[in-house]
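Input: a single structure, listed below in structure tokens.
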Amino acid sequence: MIVRILTARVPRQNVGPFNDLLRAQLTELREQPGLVYVKLARRLNENGGEEVVLVEEWRTPADLFAWTRGRLTKPRLLPGTEDLVEGVVVAHYEALDLSPDDLAQRVLGRPAAQVAGPGPESDDEQGRTEAVAVHVEPQAHPVGHGPEAAVRPRVVPGHVLEGPVVHVGGREQRA
């Protein structure tokens, strides 16, 4: 699982239009294949503006890649949204709170013990030597029918986890 977090500072005069645009985007976002969870939240600041956080949880890097159209370090916002903020930060994290059984249940809808074995690798996994990967070792079936492999999470390109990217005035820079 990949967690994508977008944070933005919104000046007071843009709070209403920004929130309307982001709520409209949530409708499209929730329809995306591979999206497990999304939450839009805000914290009001002393000058009437707000800090907004959009938390997305994606089943696989390929799902996130499809949503971002390959632009992982850039926010995917409706036209005009980025013009309403003082700064946008995009960061990606690998979820660590899932056991192999939890992952199999969430991704496949059944426990890992019922999984016949790892499926074929995706196009994104083939030939990647600079990726961060987590492999789950095969476990013996509880009734002795031979080894059954628990689900193996997909690889995550190392550059995705290198830290947030700040967007200021259409330029991108590492934080």
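What to note about this one:
- Each peptide among 53-64, 9-20 gets the average number of other Cβ atoms lying within 10 Å of its residues, and from highest to lowest they stand as 53-64, 9-20.
- Extension gain, Ile5 to Leu40, is 11.6 nm, computed as 0.36 nm per intervening residue step minus the present C-alpha separation.
- Order of Lys39, Lys74 - criterion: other Cβ atoms within 10 Å of each residue's Cβ, fewest first: Lys39, Lys74
- Order by protection proxy (mean Cβ within 10 Å, highest first), peptides 82-95, 22-35: 82-95, 22-35
- Quick note on the range 1-89: its Rg to Rh ratio, both from C-alpha atoms and Rh being the Kirkwood radius, is 0.97.
Coordinate-derived values only; no laboratory data. Being a predicted model, the structure only gives us computed values, none of them experimental. A quick note on method: Cβ atoms are made from the backbone with ideal geometry, for glycine too, and the neighbour counts reach across all protein chains shown.
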